[in-house]
1. Listed residues D207, D230, D214, D222; which is open to solvent by 20 Å² or more (accessible area, probe 1.4 Å) and modelled with pLDDT under 95?
2. Would it be correct to say that A359 is open to solvent by 30 Å² or more (accessible area, probe 1.4 Å), part of a helix (DSSP H, G or I) and either farther than 21 Å from A178 by Cα or touching a Cys at 6+ places or on another chain (Cβ under 7 Å) (or both)?
3. Does L66 meet the test of being under 28 Å from I276 (Cβ atoms) and within 16 Å of the chain's Cα centre (by Cα)?
4. Any chance you could count how many residues in segment 29-49 are in a helix (DSSP H, G or I) and under 18 Å from the mean Cα position of the chain (by Cα)?
5. Answer with yes or no whether F261 is at pLDDT 95 or above, closer than 28 Å to H77 by Cβ and crowded, with 20+ Cβ neighbours inside 10 Å.
6. Tally the residues that are under 13 Å from R209 (Cβ atoms) and surrounded by fewer than 23 Cβ atoms within 10 Å (Cβ to Cβ), restricting the search to segment 264-313.
7. Kindly list, by first and then second residue, each pair from a residue in segment 50-67 that is farther than 12 Å from S127 by Cα and in a strand (DSSP E or B) to a residue that is open to solvent by less than 20 Å² (accessible area, probe 1.4 Å) and at pLDDT below 95, limited to pairs with Cβ atoms under 8 Å and residues at least 6 apart or on different chains.
Amino acid sequence: MSDALTVHLTQSVAALDKAQWDACAGPDNPFVSHDFLSILEESGSVGPGTGWSPAPITIQDGSGTLIAAAPAYLKGHSQGEYVFDHGWADAWERAGGQYYPKLQIAAPFSPVPGPRLLLRDAGKGPSLIAGIEAVVDQNELSSAHATFITPEECALYRAAGWLIRQGSQFHWANEGYASFDDFLARLSSRHRKDLRKERAKAQAGLDIRHLTGDAIEEHHWDAFWDFYQDTGSRKWGRPYLTRAFFSLLGARMADRVLLIFAYRNGRPIAGALNLIGGDALYGRYWGCNEEVPFLHFELCYYQAIDAAIARSLARVEAGAQGEHKLSRGYRPVPTYSAHYIPHPDFRRAVADFVEREAAAVADEREWLDERAPFRKGGDAG
């Protein structure tokens, strides 16, 4: 077998071999799986007219076997990324440059930390990064951005000279709890009482159900689509995902989906969509057609904790932003992105911004963590 490696820029994850892609992606993070990325393409959530043009970058060995891949997209805007670079785009275009299209290494619409360098051979990370850089340079793109990368990947990108940017999210950590009450016992007395009151008010008169696998039927997706449309139109103006996405998700990934619905008199009034990973529950979308105090917290945070404990998962990742998660037991953790900017002057300006931003983000994370609701040494509960 030849030792030659070839880098390919392709136009679709769906067109690549599923088994080979997943051998690179691994089983733990559903957002970089062949199924999830293909569903986005086949449902029209990415592709023509969306500003997300699939451009996966792959490395094959001499036998044609896929040994490394990056879920990449040519982006015509900066929407749906959750790592905000609009200011960079404005500055570069005011200076006479063309920021878009740029290359985005990402799981679209998913602020979920996870691998972006998908490696069957762990030693091929530098080669894959070099391939990404070559795509940018040869096509005279302004930049490449790998968002929500793992801490381990930071070292590879940093060694290649990419800029590393920090952010924060709120995650819940399972410290071996046997029940929600075990978790509550870790909180201060005041917060413990507050959470119990919130749960009681949210659940009053409602039937809350967890649905996964074969229990999810098309009428559940009809209901969730209504919830998603309502939330999406208020938050983004136009929801990113199409209706077909949810049906395909149910058809191909139902065992990795957890829908949590609230029913009143047999009618669904609210729902939260989660994906189940190897060691985490990932909260993604929520919506409702009836306003109930604290129901958002119940379905998205407390029920997610219940589900994670029942499945012995290490954590719940409840998505981007949201300091209101802190008082509910979700603590701030760092997130990372990596940025390749070929133009030296533009790179210097962005590097200065990233350095100053990182100090502020770290200070804020420390300040927030000191205010987490967990019992301190002198609190007897």
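1. The conditions single out D230.
2. Answer is yes for this residue.
3. Values: under 28 Å from I276 (Cβ atoms): yes; within 16 Å of the chain's Cα centre (by Cα): no.
It is false that L66 is under 28 Å from I276 (Cβ atoms) and within 16 Å of the chain's Cα centre (by Cα).
4. The qualifying residues number 11.
5. Details: at pLDDT 95 or above: yes; closer than 28 Å to H77 by Cβ: no; crowded, with 20+ Cβ neighbours inside 10 Å: yes.
Against the criterion (at pLDDT 95 or above, closer than 28 Å to H77 by Cβ and crowded, with 20+ Cβ neighbours inside 10 Å), F261 does not qualify.
6. 7
7. Taking only residues 6 or more apart or on different chains, the pairs are W52/G80.
The values are calculated or read from the model by the stated rules, or taken from the named source; none is laboratory data. Given the structure is predicted, the values throughout are model-derived calculations rather than measurements. Glycine gets a Cβ as well: all are built from the backbone with ideal geometry, and neighbour counts include every protein chain shown. Ligands, DNA and RNA are excluded from the accessible area calculation, which covers all protein heavy atoms including side chains. Shrake-Rupley method; radii C 1.70, N 1.55, O 1.52, S 1.80 Å.
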